[in-house]
């Protein structure tokens, strides 16, 4: 499948709705909700069985995905800000929160991602950082980009999760609603 060409047009998301998807351990999509289909403009049939990077925007540094995979494969949640690419080339920004699912023996068997519209102030802060990370990746590789990011947030006394939490300043109501949505899909 050919990758869409970015249009630089942003899709405005409904901040009260969640984009949900489930993947297997390799990142292959196994389930999506209707809002995901609506926003990304791929049909459910096109999404299910495809690698989740079908919606990866080229403006996204690999370092972010490296950190996300490192966390979830080790059974740890991570909250990340991600710019995704719709089928028509438009983009949308989300704050992604994961739920790690386990089988009866306690082994991780799938991942659920809950995405909500990223507030403009977060996008305005994170976009220059991501541009810097992309530049580092192009010049010195992904490892250098990861190191830069980890040092950048450490200088603020944080890890990436803490940095995003600081940017997000999630209200108690938002946290409550996210936990309710997660329980619906338990």
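Separation of the stretch 102-130 and the stretch 1-78 by C-alpha centroid, Å?
Each part's Cα centre sits 10 Å from the other's.
Across the stretch 83-158, how large is the tail of the calculated P(r) beyond 13 Å, expressed as a percent of all Cα pairs?
Tail of the P(r) past 13 Å holds 77 percent of the pairs.
Given the DSSP H assignment, sum -39500 (n - 2.57) over each helix run of at least 4 residues in the chain and divide by its residue total; what's the result at 222 nm in deg cm²/dmol, nearest 500?
Computed mean residue ellipticity for the chain: -13000 deg cm²/dmol.
Arrange the following residues from fewest to most other Cβ atoms within 10 Å of their Cβ: 45, 168.
Details: 45 9, 168 19.
Least to most surrounded, the residues fall as 45, 168.
As an exercise, use a Förster radius of 45 Å and the Cβ-Cβ distance of residue 105 and residue 43 to find the FRET efficiency, rounded to the nearest 0.05.
Between residue 105 and residue 43 the formula returns 0.85.
Based only on the alpha carbon positions, what is the Kirkwood hydrodynamic radius of the stretch 67-114, in angstrom?
Over the stretch 67-114, the inverse of the mean reciprocal pair distance is 12.0 Å.
Which one, 84, 74, 151, has the greatest fluctuation when you compute a Gaussian network model over the chain with C-alpha springs under 10 angstrom?
In the Gaussian network model the winner is 74.
Remind me, relative contact order of the chain in percent, using alpha carbon pairs under 8 angstrom and six or more residues apart?
Once normalised by length, the contact order is 22 percent.
Candidates (1) 0.94; (2) 1.00; (3) 0.97; which is the computed Rg/Rh (Cα atoms, Kirkwood Rh)?
(1)
Rounded to the nearest 0.05, what FRET efficiency is calculated for residue 74 and residue 9 with R0 set to 35 Å and r the Cβ-Cβ distance?
Result of the calculation: an efficiency of 0.45.
Cut-off is 10 Å between beta-carbons; in what order do 150, 85 appear when sorted fewest neighbours first?
150, 85
Output the relative contact order of the stretch 1-95, whole-number percent, from Cα pairs under 8 angstrom with separation of 6+ residues. Could you put the intermediate results ahead of the total?
Details: 132 pairs, mean separation 33.8, N = 95.
About 36 percent, as a whole number.
How do 5, 108, 54, 126 line up, fewest other C-beta atoms within 10 Å first?
Values: 5 9, 108 14, 54 17, 126 22.
With the fewest neighbours first, 5, 108, 54, 126 line up as 5, 108, 54, 126.
Only the coordinates and a few stated rules stand behind these numbers; no lab work does. All figures in this text were calculated on a predicted structure; none of them were measured in a lab. When we count neighbours, we look across all protein chains shown, and the Cβ atoms used for this are built from the backbone with ideal geometry, even at glycine.
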